[in-house]
Each structure stands twice: as C-alpha cells, then as structure tokens.
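Comments concern the structure below.
The values are calculated or read from the model by the stated rules, or taken from the named source; none is laboratory data. Remember, predicted model here, so these are calculated numbers, not experimental data. Counting neighbours? That spans all protein chains shown, and the Cβs are built from the backbone with ideal geometry, glycine included.
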Amino acid sequence: EAKRHGINRLQCFTARLQTQLEKSIRLEKGLRRALEHNECELYLQPKWNLCDQKIIGFEALLRWLEDEGGVKRFISPTEFIPVAEKTGLIIPLGEWVIYQACKLLKAWEAQGISHYPIAINVSPLQLKSGNFGASLKAILDEEGIPAHLLEIELTEETLVDIYSEDDNALEELEQIRSTGARISIDDFGTGYSSLKYLKHFPSDYLKIDKSFVSVEGMDSLAEPAICRAIVTMAESLGMQVIAEGIETDKQLQALTAIKCSMGQGYLIAKPMPAEQALLFAQNHNGMEREQPVPSPS
Ligand code: C2E
Ligand code: MG
Ligand code: MG
Ligand code: MG
C-alpha cells in the first residue's frame, strides 16, 4: 500500500514536471517567433513627482501579445521573462527593448519633447553577457540619444547576485554609469541582502518594492515604518526614492508625509501603449508648460 502510494506520488510529480517542461518549451518557441514577428510591445508607465504631481518620466514594461492562429492572447512578463532568462533569449529580447526605448526617445525628440526619461528593466544575464555596457553605449551613440534619458533598472536581487559572484559585473556597472545613463535599484527591500552592496554600486534611485506600499484590499500604506527607513537611508546615501505600486490617495499622502519624492502606480496610471502614455503625460502636466516663451520684439 505504502509502495503504491509512493508510485502514485512519483507519477504525479513526473506529470507535473512534464507539464511544466511542455509549457516552458511552448513559451520558448512562441517567444522566438514573437521576436521574429514583432509581437512584443513596450508599454510605458508614468513616474511622477509626488510634490508637484507632475509626470517626470516612464518605466518601460514589456508586453507580449501572442498570436496563435489569429487568436491574440496577452502573456505577462512575469511568465515569459524567466523562460527568456533560462533559454538565453533574454539577450536579443533585452537588446530589442533598448532599441525600442531609444526609438521612442528619438521620435519624441523630433517632436520637441525631450524631457521624459525612459527606464528599462535589465536582467542579470544581460549584465553578465560581458558587453552590456559597451553595447548600450554603442546604441546610444548610434541613435544619438543623450544618455541621461535612458535609465537602467536592476533589481536588488540582481545586484546582490552579481556582487557575490562576479567581479566583472562591477566594471559593467561602472561602464553603464560612464555612459551617463542613470541606475535604479528595483524591488528594493525584497532581496534578503546585506546592505553592503549599496556602497559598492553607485546608483541614482532606490525603488521601494510595491509590497511595502500596497496590499490588496488595504487602503493605507502597507509598511509605513519600512518605507520611512528606506527614505531616510536613501537620503543619507545620496539617492532618490521612487515608491512602486501606489494605488490609493491615502498611500500617496503617507508617502508625501515621509518625503518620498517620486512614485509609480495605478493611482495615476497603469502601463499603457507609448503614444497613449505620452498623451497622458502631456495632458496631465498641463499644456501651459509647453507654451513657448514670447520673444521680445
Ligand atoms: P518591475 O520592474 O518591478 O515593474 C513593476 C510591476 O508592477 C509591473 O508589472 C507593473 O505593471 C506593476 N505595477 C505598477 N503599478 C502598480 C500598482 O499600482 N499596483 C500593482 N499591483 N502593480 C503595479 P509587469 O508589467 O507585470 O512586470 C513585472 C516584472 O517583469 C517587472 O517588475 C520586471 O521585473 C519584469 N519586466 C518587465 N519588462 C521587462 C523587460 O523589458 N526586461 C526585463 N528583464 N524584465 C522585465
Ligand atoms: Mg522595474
Ligand atoms: Mg519593481
Ligand atoms: Mg518586480
């Protein structure tokens, strides 16, 4: 009886593994095709200044609209990024993201709009590929984009990961910095880390993980004490803080009260297609700012 029980469990386990494997193979195939057929899109989520409420830039979030014989299905990055990382596809995908962000920045500049930086998310594998900094610089130069308009988001987990095992990664980060691109530490507070790495990696922004800001069904700030501690620490390290996942007015007020300077979240806007995001920002910020100063005559 016990033996049969064991066999059943094993079969169950094998079946689950099988399903997972099949799913990941299907995703991998699909992702390759998506890259070839341009089925990906960069959505942009506004970042705003909590003091004056103005939109100050965007975060680019990858979207994959899978097309299965005419039936379109949206697949979340939390589902396909891990597969892209496991298969190495994150390298061409990540490059596509950089190009796409630069393309947007260039198109905006042509319209006379060059005050909204775009932040992109970068995986540890991209950093470890050995030429991330160099290829970033090449793309920026090639496209003629001022580097301060491109921001690089690395999760705390990524930084801790490379801090503990890879000396070259520090060089890579220095190289990113030397291009003039800004660096953000994403999902801060979730990496179970010693804080030592903060001193070693020169970064511009700390992003408070959204789990400290909002919890489903809760109106107030999820972890006020932790948020306050992060703001204080960032200040003494010369970094600015961005709170992720602001969903309610109460959370916004609590964050303003502790002098968190920037934020992102559904309260202001969800990630949306680039054109829409730009329009949103311009409407939100008010047209009066866009008016030219009258020339003396
Ligand atoms: P992230 O970089 O921390 O991005 C923030 C995530 O929180 C996004 O999820 C965003 O849609 C979501 N979010 C924003 N505001 C709110 C809010 O008010 N409430 C809640 N509940 N969620 C909010 P998304 O777009 O599903 O992306 C998930 C993760 O996938 C990202 O987390 C990032 O780590 C990864 N990712 C997305 N695009 C890329 C990419 O181009 N490259 C890489 N390597 N990773 C990416
Ligand atoms: Mg991010
Ligand atoms: Mg985050
Ligand atoms: Mg995240």
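What to note about this one:
- Checking Glu171, Glu156 one by one, the residue that is within 16 Å of ligand 2 (Cβ to nearest atom) and in contact with a Gly (Cβ under 9 Å, 6 or more places away or on another chain) is Glu156 and no other.
- Any hit, the range 65-75, residues being surrounded by 14 or more Cβ atoms within 10 Å (Cβ to Cβ), under 20 Å from the mean Cα position of the chain (by Cα) and at pLDDT below 95: yes
- Filter result for Ile113 (surrounded by fewer than 20 Cβ atoms within 10 Å (Cβ to Cβ) and modelled with pLDDT of 95 or more): yes
- Every pair of residues 6+ apart whose Cβ atoms lie under 6 Å, when the first sits in the range 1-26 and is of a type outside the set (A, V, I, L, M) while the second is in a helix (DSSP H, G or I): Ser24/Val83
- All positions within the range 82-115 that are within 16 Å of ligand 2 (Cβ to nearest atom) and either in contact with a helix residue (DSSP H, G or I) (Cβ under 8 Å, 6 or more places away or on another chain) or among the basic types (Lys, Arg) (or both): Ala84, Glu85, Ile90, Leu93, Gly94, Ile98
- Scanning the range 200-246 for residues that are within 16 Å of ligand 3 (Cβ to nearest atom), more than 17 Å from Lys270 (Cα to Cα) and in contact with a Lys or Arg (Cβ under 9 Å, 6 or more places away or on another chain) yields Ser203, Asp204, Tyr205, Ala222, Val241.
- Tabulated pairs, the range 240-258, first in contact (Cβ under 8 Å) with a residue 12 or more places away in the chain and among the small types (Gly, Ala, Ser), second in a loop (DSSP other than H, G, I, E, B) and within 11 Å of ligand 1 (Cβ to nearest atom), C-beta under 6 angstrom, 6+ apart or interchain: Ala243/Val213; Gly245/Val213; Gly245/Ser214; Gly245/Gly265
- In the range 199-243, the qualifying residues are those that are acidic (Asp, Glu) and away from ligand 2 (no atom under 16 Å from the Cβ), and the one that is surrounded by the fewest Cβ atoms within 10 Å (Cβ to Cβ) is Glu216.
- With respect to the conditions (1) touching a Cys at 6+ places or on another chain (Cβ under 8 Å); (2) under 19 Å from Leu237 (Cβ atoms); (3) not β-branched (Val, Ile, Thr), Glu143 falls short on a single one, namely (2).
- Flag if Gly133 is surrounded by 15 or more Cβ atoms within 10 Å (Cβ to Cβ), in contact (Cβ under 8 Å) with a residue 40 or more places away in the chain and either away from ligand 1 (no atom under 16 Å from the Cβ) or outside any strand (DSSP E or B) (or both): yes
- Remark: pairs (first residue in the range 261-284, farther than 14 Å from Ala243 by Cα; second residue within 15 Å of ligand 2 (Cβ to nearest atom) and aromatic (Phe, Trp, Tyr); Cβ separation under 8 Å; 6+ apart in sequence or on different chains) = Pro271/Tyr43; Met272/Tyr43; Pro273/Tyr43; Ala274/Tyr43; Ala277/Tyr43; Ala277/Phe58; Ala281/Phe58.
- If you filter the range 248-297 down to residues that are farther than 22 Å from Asp186 by Cα and touching a helix residue (DSSP H, G or I) at 6+ places or on another chain (Cβ under 8 Å), you find that the one that is modelled with the lowest pLDDT is Glu290.
- Residues of the range 43-85 classified as of a type in the set (A, V, I, L, M, F, W, C), free of Cβ contacts under 8 Å to residues at least 60 places away in the same chain and within 15 Å of ligand 1 (Cβ to nearest atom), total: 9
- Taking first residues from the range 175-198 that are on the phi > 0 side of the Ramachandran plot and away from ligand 3 (no atom under 16 Å from the Cβ) and partners that are outside any strand (DSSP E or B) and of a type in the set (A, V, I, L, M), the Cβ contacts under 7 Å between residues at least 6 apart in sequence or on separate chains come to Gly180/Ala147.
- Phe212 in contact (Cβ under 8 Å) with a residue 40 or more places away in the chain and either of a type outside the set (Asp, Glu) or within 12 Å of ligand 1 (Cβ to nearest atom) (or both): no
- Candidates Leu149, Leu136 - the one that is at pLDDT 95 or above and more than 16 Å from ligand 2 (Cβ to nearest atom): Leu149
- Comparison of Leu159, Leu195 shows that the only residue that is out of contact with any strand residue (DSSP E or B) (no Cβ under 9 Å at 6 or more places or on another chain), aliphatic (A, V, I, L, M) and modelled with pLDDT under 95 is Leu195.
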